[in-house]
Amino acid sequence: MKIERIEAIPFAIPYAKKLQFASGEVDTARHVLVRVHTTDGLIGTAEAPPRPFTYGETQASIIAIINDVFAPQITGLTIFQRERVRALLDRTIGNPTAKAAVDMALWDLIGQSLGASVTDLLGGFGEGMRVCHMLGFDTPEVMVEQAHRMRENYGISTFKVKVGRHPVDLDVAVCRALRAEFGDAIELYIDGNRGWSASESAEALRQMADLGLTLAEELCPADDVLGRRWLVRQAPIPFVADESVPTQADVTRELLGGSATAISIKTARTGFSASQRILGQCEGMGVEVVMGNQIDGQIGTACTVAFGAAFAHTSKRAGELSNFLDMSDDLLVDPLQISDGVLSTRPGPGLGIAVDESKLSHYREDR
Ligand code: MUC
Ligand code: MG
């Protein structure tokens, strides 16, 4: 069970509807498929989504760090030495999604070799999660129409609304339209991707005070240190740190510094090994978590639900598990299915995913 080689394969799948938010936009899933091969013929699979506007990684940088730095460090180790792998990868700073994909592919291999699902290995709490859909920037009419489609086709009733535009009234109008259309039948929360200042954020929260929002995420930059603390102190709902917490140390800094009161856990950036630790930190401190979406494809989403379903604390809230629905296609032999607002974990050992080789050869960008 030794790591023999690692493949980092660039692929590109267009979105049917592009996702726009305050820090950027995504119209093509230009991701990296990571495959860890063992000496006895198993293949562990995960995907790394480059998000230059969030972590500074690009498709080319992810491939380079895996091929030039990580693969030489860990080739020859056994698949069970994942803490040694983590220690070696952490000699390099940054590169969160590249590290996370290697970690998750190893967990997939461990599961396959033991005949157990990753969810069972991690904690085995449940068999799926309620789904939250993320609505990107558009007009109130279009966003209401999308929410209708998600409710009717998939039974989804929790929505995260992207905010952070100027003037703030644009986003307030969207949240107001959603609440007016659906009443109490939906849960609504907002994510600003650092688009507003602290005072604009406070004004937006004041204008939306009657809308029953349940969370506010990254409304202003965490680097606006005192402004952000001032905002979080007066926020009437949990204030979620997402892109400001790519490491455990960042979680500690943001929580103890008063810059956040809840944490978004994204397996795309902290894999399973570090996400487990972050979850423990949050649970121990009495801090709520939400399973976030790194604008993942189906492989990344399978990883998120595998982790989120494994623990009681991550299962309390709906997980952000549905944006792959906006992609024109994907790589899995058996596509993920959301029904009655729930995404189930995959049956079968490891992550339970198989890549469709003909789709991969169609979408890969290296040949
Ligand atoms: C999110 O929750 O922020 C958009 C930017 C990013 O890093 O992740 C997405 C979704
Ligand atoms: Mg976010």
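A few points about this structure:
- For region 89-149, the list of trypsin sites (Lys or Arg not before Pro) that fall in a loop by DSSP and count at most 15 other C-beta atoms within 10 angstrom reads R91.
- Entries in K162/K266; K18/K316; K2/K266; K18/K99; K266/K316 that, when Cα-Cα distance is taken, lie over 20 Å: K18/K316; K2/K266; K18/K99
- In Å², nearest 10: area of E4 left accessible to a 1.4 Å probe: 90
- Efficiency of FRET between Q20 and A87 - r from beta-carbon atoms, R0 22 angstrom, step 0.05: 0.05
- Estimated from the Cβ-Cβ distance and a Förster radius of 22 angstrom, the FRET efficiency linking S328 and A354 is about 0.60.
- In a simple Cβ point-charge model (Lys, Arg +1; Asp, Glu -1; nothing else charged), region 321-367 has a dipole of about 140 debye relative to its Cα centre.
- Binned Cα-Cα distance frequencies in region 3-115 - 10 Å width, integer %: 14, 45, 27, 12, 1
- For region 89-244, fraction of C-alpha pairs farther apart than 26 Å, in %: 43
- In percent, rounded to a whole number, the relative contact order of region 120-344 is 25, using alpha-carbon pairs under 8 Å and six or more apart.
- Considering only W230, W196, W107, the Gaussian network model of the chain with Cα springs below 10 Å gives its largest mean-square fluctuation to W230.
- Surface share of carbon and sulfur [accessible, 1.4 angstrom probe, percent] for region 201-344: 51
- A173-S344 FRET efficiency (beta carbon distance; Förster radius 25 Å; 0.05 resolution): 0.10
- Length gained when the stretch A64-R149 is fully extended (0.36 nm per residue, less Cα-Cα span): 26.6 nm
- Cα-based values for the chain, radius of gyration first and Dmax second, are 19.6, 60 Å.
- Here the label points at Q248 and E141, each 7 Å from Cα along the C-beta direction, are separated by 5.2 nm in the simple model.
- Take every pair of alpha-carbon atoms less than 8 Å apart whose residues are at least six positions apart; their mean separation over the length of region 3-115 yields a relative contact order of 28 percent.
- A 1.4 Å probe run over the chain, with the rest of the protein chains in place, finds 37 Å² accessible per residue.
- Since only V333, I353, Y363 are under comparison, the one whose Cα sits farthest along the positive direction of the charge dipole of region 317-367, derived from C-beta charges on Lys, Arg, Asp and Glu, is I353.
- Cα-centre dipole for the chain with unit charges at Cβ (Lys and Arg positive, Asp and Glu negative), debye to 20: 720
The values are calculated or read from the model by the stated rules, or taken from the named source; none is laboratory data. Keep in mind that what you see is a predicted model, and the values were worked out from it rather than measured. When we count neighbours, we look across all protein chains shown, and the Cβ atoms used for this are built from the backbone with ideal geometry, even at glycine. Keep in mind that these areas ignore ligands, DNA and RNA; they rest on the heavy atoms of the full protein, side chains included. Shrake-Rupley method; radii C 1.70, N 1.55, O 1.52, S 1.80 Å.
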